[in-house]
1. Out of all the residues in region 176-197, is one or more more than 21 Å from the chain's Cα centre (by Cα) and part of a loop (DSSP other than H, G, I, E, B)?
2. If only one of 181, 191 is under 25 Å from residue 134 (Cα atoms) and surrounded by 19 or more Cβ atoms within 10 Å (Cβ to Cβ), which one is it?
3. Of all residues in region 98-124 being modelled with pLDDT of 85 or more and touching a Lys or Arg at 6+ places or on another chain (Cβ under 6 Å), which is surrounded by the fewest Cβ atoms within 10 Å (Cβ to Cβ)?
4. May I ask you to list the residues in region 200-224 that are farther than 18 Å from residue 119 by Cβ, touching a residue at least 40 places away in the same chain (Cβ under 8 Å) and assigned to a helix (DSSP H, G or I)?
5. Assess whether residue 100 counts as being touching a Pro at 6+ places or on another chain (Cβ under 9 Å), of a type in the set (Lys, Arg), touching a residue at least 24 places away in the same chain (Cβ under 8 Å) and outside any helix (DSSP H, G or I).
6. Among the residues of region 160-174, which ones are surrounded by fewer than 23 Cβ atoms within 10 Å (Cβ to Cβ) and either in contact with an Asp or Glu (Cβ under 9 Å, 6 or more places away or on another chain) or within 15 Å of residue 28 (Cα to Cα) (or both)?
7. Report yes if residue 212 is under 22 Å from residue 73 (Cβ atoms) and surrounded by 12 or more Cβ atoms within 10 Å (Cβ to Cβ), otherwise no.
8. Output the residue which, of all residues in region 120-145 that are touching a residue at least 40 places away in the same chain (Cβ under 8 Å) and among the hydroxyl-bearing types (Ser, Thr, Tyr), is nearest to residue 109 (Cα to Cα).
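The values are calculated or read from the model by the stated rules, or taken from the named source; none is laboratory data. These numbers come from a predicted model, not from an experiment. Every residue, glycine among them, receives a Cβ derived from its backbone with ideal geometry; neighbour counts consider all protein chains shown.
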Amino acid sequence: MKNLFIILIASLPFLSNAQNSGTVTYKETMYLKINMETEEGESLQKNELAGLLPDEQSWNTILYFDDEASLYKTEEKEEAPTNIDNGGGAFSIKIDTPKKTIYHNKKENKVLSQEHFMGKDFLIVSEGKEKQWKVTNEQKIIKGYLSFKAISTDEEKEDEVWFTPSISAETGPFGIIGLPGLVLEATLNDGKLKIEAEGIQLGEIEEGIIVPPTKGKKISPEKFEKLQEEKIKEFRRQYQNDDDSKVIIIKG
């Protein structure tokens, strides 16, 4: 059986200050839109594998927040391979979705992000950073809360979020910060990643939940990004001469 490995990589996040306490569950969806060149220069759109790949991949995340800190993490999910037989041979497709745990300490303004990458855990240590946002007059109701649209103004890639001032926590999923309310929906990286709130529960968080992750080797964001590039090249080299395996790296 042939194997196809798809590795999804989410950009490093930075969290903001939370002003009260509660829990929000989200669904993250990465739109794959696989239309790129392989290392051999062969267009995937012309390859028979293109029609076998999914258009999107989703997973669940959860945000815990209080006055002192916040914790955003991917809910555990076993990624079982998908077996496909297209008549020309059988394929096993394995999609490795991002697995992250992000802790932000408000007082120290420190972020500790645990990233699971190619079978290993890393602890990325960084400063909490705020993005510049422009709040618009557009409004809509999300999960019963009046929400306002804001767009980023400090990067080439366009980011769009919806936040509610009704919940004064200045925090949100995937490192979204600097807005006067809780972020309930976001479309990031020119539409490649969408995050939607599925449930909101306000109230005190049980002691021992919002704690920093400890598993993994400590590393800076810059060194982790360099390590990702090196490991991806190594992984591709491992399979580049294997006619029964393909590797696709997708960064959201």
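1. yes
2. Step by step, each of 181, 191 is checked, and only 181 is under 25 Å from residue 134 (Cα atoms) and surrounded by 19 or more Cβ atoms within 10 Å (Cβ to Cβ).
3. The qualifying residue surrounded by the fewest Cβ atoms within 10 Å (Cβ to Cβ) is 121.
4. 221, the sole residue that qualifies.
5. Values: touching a Pro at 6+ places or on another chain (Cβ under 9 Å): yes; of a type in the set (Lys, Arg): yes; touching a residue at least 24 places away in the same chain (Cβ under 8 Å): yes; outside any helix (DSSP H, G or I): yes.
It is true that residue 100 is touching a Pro at 6+ places or on another chain (Cβ under 9 Å), of a type in the set (Lys, Arg), touching a residue at least 24 places away in the same chain (Cβ under 8 Å) and outside any helix (DSSP H, G or I).
6. 160
7. Spelling it out, residue 212 is indeed under 22 Å from residue 73 (Cβ atoms) and surrounded by 12 or more Cβ atoms within 10 Å (Cβ to Cβ).
8. 126
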